[in-house]
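The values are calculated or read from the model by the stated rules, or taken from the named source; none is laboratory data. This structure is a prediction, so every number in the text was calculated from the model and none was measured. Positions of Cβ are backbone-derived with ideal geometry, glycine not excepted, and every protein chain shown enters the neighbour counts. Accessible surface areas use protein heavy atoms only, side chains included; no ligands, DNA or RNA. Shrake-Rupley method; radii C 1.70, N 1.55, O 1.52, S 1.80 Å.
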Amino acid sequence: MKTWDVIIIGAGIIGLSLALSLRKQGLRVLIVERGEPGREASHAAAGMLAGSGAEIPPPLGVLAEESARLYPEFVHELEDESGIKVDLRDDGTVLVSSDGSFPESAVRLSSEQLSSLEPGLAVPGRGRPDLHESGEVTAAYLSERSVDPRALVTAAIKAAHHREVDVSSGSEVKSLLISEGQVTGVQTEKTSYSSAIVVNCAGAWSGCIAPDRFPVRPVKGQMLAVVGGPVLKHVVRSEKVYLVPRGDRRLVIGSTLEDAGYNKQTDVNTIQQLFHAAIELAPGLAESKVHEAWAGLRPGTPDDLPILGETSTSGYFVAAGHFRDGILLAPITAQVMTRLVLGSSLGYDLAHFAPSRFQ
Ligand SMILES: Cc1cc2nc3c(=O)[nH]c(=O)nc-3n(C[C@H](O)[C@H](O)[C@H](O)COP(=O)(O)OP(=O)(O)OC[C@H]3O[C@@H](n4cnc5c(N)ncnc54)[C@H](O)[C@@H]3O)c2cc1C
């Protein structure tokens, strides 16, 4: 019977990046994917690489910054191996805030600077003297990158084939195979696969695989993409909405944070509300047309931190729960999980992310 050095459950960006990294170390890797590779959260994401954003929980700061730093190299390798361009952009992010609160690393912008950086935006306070009364600065610039997650995942799938990572699609892992406290493989509906190391990268579903249950829950995000409006150069984020330009002139508008179980349906009213919030921010968008609307399920955890490490079952690892930052965190997750699997020195303290914190 064929065996592998490592079996990875789930072909999202986390499982794919880890598979590529382990393969580079010469390990034989099988990814077991329930559906089609790369079609869940990693397909739905906006692709902001907000390494120093205010939304990054403090214990994640070092990993997030390092992952943001690794991104150009990570993308370069994927593009090289796949021949697919993944639209990594480094024009930065414009933050618009009604109360002038920005992360420390952001550079405050005057109305004039904002107008010249991103002319399509409604200048805060124009026609709204109430916003200017305090003299607060209401816009700022952050040096951050963005990427097209769909192109990124497509490139990772192609690179995985190119590097001879085995992929079994349409096979859902039902449970782990364990003998005397050591993992020996995975059981799907139809068959079983053998390996002494298994890594659970099943995103929002990672808590559903027996016997270890992690408190990972789906957090739904609805999004839309519009075409035909003004072309923005920067990612723009306000309290209500964010706008992420793509190289193909689509503009992605997001997003909601909903507790809706595993329901991925979009709601017309919610999509309209997001669109209206975007038009408030960039009035020219009133001319644009909705091209697509979708929803995805972020893998959330009780403390908003990912789960990275070995479980109490020897050989069974988890790399899941990346919530709002899994696209950003893919390169560093692949790096630290590869080191964990190989038993080499980590270079990071992963105590905050230990699977045992929930047990
Ligand atoms: C609307 C939205 C916007 C987002 N925006 C951003 C952003 O701007 N920046 C950012 O960094 N992140 C963003 N994210 C978060 C990011 O998308 C996720 O954190 C990341 O995609 C998680 O990757 P993953 O590989 O863990 O999960 P997924 O991509 O969901 O992959 C998990 C895979 O596991 C498979 N699977 C599940 N159960 C099983 C099983 N039992 N057997 C076999 N296979 C299984 C699934 O089919 C799936 O393919 C966003 C997410 C959403 C929904």
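The table below gives the values:
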item: Residues that are more than 6 Å from the ligand (Cβ to nearest atom) and modelled with pLDDT of 95 or more, drawn from the range 1-19; result: W4, D5, V6, I7, I8, L16, S17, L18, A19
item: Single residue of S195, S175 found to be within 15 Å of the ligand (Cβ to nearest atom) and out of contact with any Asp or Glu (no Cβ under 9 Å at 6 or more places or on another chain); result: S175
item: Close pairs (9 angstrom Cβ cut-off, 6 or more residues apart or separate chains): on the phi > 0 side of the Ramachandran plot in the range 151-175, within 10 Å of the ligand (Cβ to nearest atom) anywhere; result: G170/E33; G170/R34; G170/G35; G170/E36
item: Any chance L20 is within 29 Å of K240 (Cβ to Cβ) and either assigned to a loop (DSSP other than H, G, I, E, B) or not aromatic (F, W, Y) (or both); result: no
item: Within the range 286-318, tally of residues that are closer than 17 Å to Q222 by Cβ and in contact with a Pro (Cβ under 8 Å, 6 or more places away or on another chain); result: 4
item: Members of the range 309-325 that are buried (at least 23 other Cβ atoms within 10 Å of the Cβ) and in contact with a helix residue (DSSP H, G or I) (Cβ under 6 Å, 6 or more places away or on another chain); result: V318, A319, A320, H322
item: Options D267, D212; residue that is more than 10 Å from the ligand (Cβ to nearest atom) and open to solvent by 30 Å² or more (accessible area, probe 1.4 Å); result: D267
item: Residue match in the range 172-179 (condition: open to solvent by less than 40 Å² (accessible area, probe 1.4 Å) and within 23 Å of the chain's Cα centre (by Cα)); result: yes
item: Some residue of the range 282-290 being in contact with a Leu (Cβ under 8 Å, 6 or more places away or on another chain) and assigned to a strand (DSSP E or B); result: yes
item: Residue count for the range 303-336, restricted to those that are aliphatic (A, V, I, L, M) and near the ligand (Cβ under 8 Å from one of its atoms); result: 6
item: Residue in the range 238-264 that is nearest to P283 (Cα to Cα), counting only those that are charged (D, E, K, R) and at pLDDT 95 or above; result: R250
item: In the range 222-252, residue nearest to E118 (Cα to Cα) [restricted to those that are among the hydrophobic types (A, V, I, L, M, F, W, C) and open to solvent by 30 Å² or more (accessible area, probe 1.4 Å)]; result: V231
item: Selection within the range 31-73 - of a type in the set (D, E) and over 28 Å from A293 (Cα atoms); result: E65, E66, E73
item: Residue that is least open to solvent (accessible area, probe 1.4 Å) [pool: residues in the range 253-264 that are under 19 Å from T301 (Cα atoms) and of a type in the set (A, V, I, L, M)]; result: A260
item: Residues located in the range 1-17, provided they are assigned to a loop (DSSP other than H, G, I, E, B) and over 22 Å from the mean Cα position of the chain (by Cα); result: M1, K2, D5
item: Evaluation of L22 against (1) more than 9 Å from the ligand (Cβ to nearest atom); (2) open to solvent by 40 Å² or more (accessible area, probe 1.4 Å); (3) of a type outside the set (D, E, K, R) (one fails), failing number; result: (2)
